[in-house]
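The values are calculated or read from the model by the stated rules, or taken from the named source; none is laboratory data. Being a predicted model, the structure only gives us computed values, none of them experimental. No Cβ is skipped: glycine too gets one built from the backbone with ideal geometry, and neighbour counts run over all protein chains shown. For the accessible areas, the whole protein counts, side chains as well, though only heavy atoms, and no ligand, DNA or RNA atoms are used. Shrake-Rupley method; radii C 1.70, N 1.55, O 1.52, S 1.80 Å.
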Amino acid sequence: MSQILPAEPHHVFITGGSRGIGAAAVRAFAAKGYDVAFTWHTRADAAETVLRQARELYPQGQFLAIRADAADPAEARAAVKQAEDAFGRLEVLVCNAGIAQQKLFTDLTDEDWRAMMANDLDSVFYACRAVLPGMIRRKYGRILCVSSMWGQVGGSCEVHYSAAKAGVIGLCRALAKEEGLSGITVNCVAPGVIDTDMMAGFSAEDKDALADETPVGRLGTPAEIARTLVFLASPRAGYITGQVIGQNGGLVI
């Protein structure tokens, strides 16, 4: 006998939605008929562009671009409340906000370390803490976190980034165990080398070299990661939880 799936959820909150994977996720969820709230921090012009694109993809939808620092607990809480007040509920959380930095370990400062942990790990904790009460009351939720292949295996000259992204994986696995009986799944996507503005400092030769190292022979795109997030958010992914989906073109196997 086939399983009767619950109705498709229609409200998602995305941290760091103004660029890169976050912006692609906003567009992908809008294209699937979701109302989308997303945070942005410094680029008002980019947020407005993403907002316009989402409205074009789903003219009947509701979309919110909320200025908030995802690494600040009060701002994260206020942003989630604003989205819940506007939509009535949130079924899906995508924790995507983060920064990257390449630096020798011996050159890392206290400020480098704290900024990385705040943006890439603390922000996940704050967002999850804010959305979980509503999800627990409704006995349904999807929490999705963007980690990195370096969170799985570690990256030279990115020790602080690797540590923060490994922390995201640990948080997701533990939270999945804790919230499973509440109807909430928690999963990670661990992208490989994705062609976003975080790679602005890489030359064309650097990108070509990275593509050559990747078994599929190219870099990934934000849209590919976004499609995986949309699938994991769906009721059809209800038996997937506590998992790390490596999406890296075979660079890490």
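With a cut-off of 8 Å between alpha carbons and a minimum separation of six or more residues, what is the relative contact order of the chain in percent?
About 20 percent, as a whole number.
Once both axes come from the Cα atoms, what is the angle between helix 159-179 and the longest principal axis of the chain, in degrees from 0 to 90, rounded to 10?
That helix lies at roughly 20 degrees to the long axis.
Convex hull over the alpha-carbon atoms of the chain: what's its volume per residue in Å³?
135 Å³
How far is helix 44-57 tilted off the main Cα axis of the chain, in degrees rounded to 10, range 0 to 90?
50 degrees
Show me the ranking of peptides 109-115, 185-191 by mean Cβ neighbours inside 10 Å, starting with the highest.
Highest mean packing first, the order is 185-191, 109-115.
Work out the charge dipole of the chain with +1 on the Cβ of Lys and Arg and -1 on the Cβ of Asp and Glu about the Cα centre, then indicate which of N119, V189, G154 is farthest towards its positive end.
Of N119, V189, G154, it is V189.
Just how large is the dipole of the chain about the Cα centre, in debye to the nearest 20, putting +1 at every Lys and Arg Cβ and -1 at every Asp and Glu Cβ?
Charge dipole, the chain, about its Cα centre: 1140 debye, nearest 20.
Could you estimate the translational diffusion coefficient of the stretch 1-91 from the Stokes-Einstein equation, with Rh from the Kirkwood formula over C-alpha pairs, at 20 °C and 1.002 mPa s, in whole µm²/s?
Roughly 161 µm²/s, to the nearest whole number.
Report, in debye and to the nearest 20, how large the dipole of the stretch 52-125 comes out about its Cα centre when Lys and Arg carry +1 and Asp and Glu carry -1 on their Cβ.
So the magnitude is around 400 debye.
Round to the nearest 10 and give me the degree value, 0 to 90, for the angle of helix 20-31's Cα axis relative to the longest principal axis of the chain.
It works out to around 30 degrees.
What does the highest-first list of 39-51, 204-216 look like by mean Cβ count within 10 Å?
39-51, 204-216
How many percent of the accessible area of the stretch 1-105 is carbon or sulfur, using a 1.4 Å probe?
Of the solvent-accessible surface of the stretch 1-105, carbon and sulfur hold 51 percent.
Let me have the 222 nm mean residue ellipticity of the chain computed from DSSP H runs of 4+ only, each contributing -39500 (n - 2.57), with the sum over all residues rounded to the nearest 500.
Value at 222 nm, helices only, nearest 500: -14000 deg cm²/dmol.
Measure out, as a whole number of angstrom, how far apart the alpha-carbon centroids of the stretch 86-122 and the stretch 167-215 sit.
What the calculation gives is 13 Å, centre to centre.
Using per-residue counts of other Cβ atoms within 10 Å, averaged over each peptide, order 151-158, 55-62 from highest down.
Put in order of decreasing packing, that is 151-158, 55-62.
Using a 1.4 angstrom probe on heavy atoms only, work out the carbon and sulfur share of the accessible area of the stretch 113-253 in %.
Carbon-and-sulfur percentage of accessible area, whole number: 57.
Checking the cross-link filter: which lysines have an alpha carbon closer than 27 Å to that of K177, excluding same-chain neighbours under 8 positions apart?
Filter leaves K81, K139, K165.
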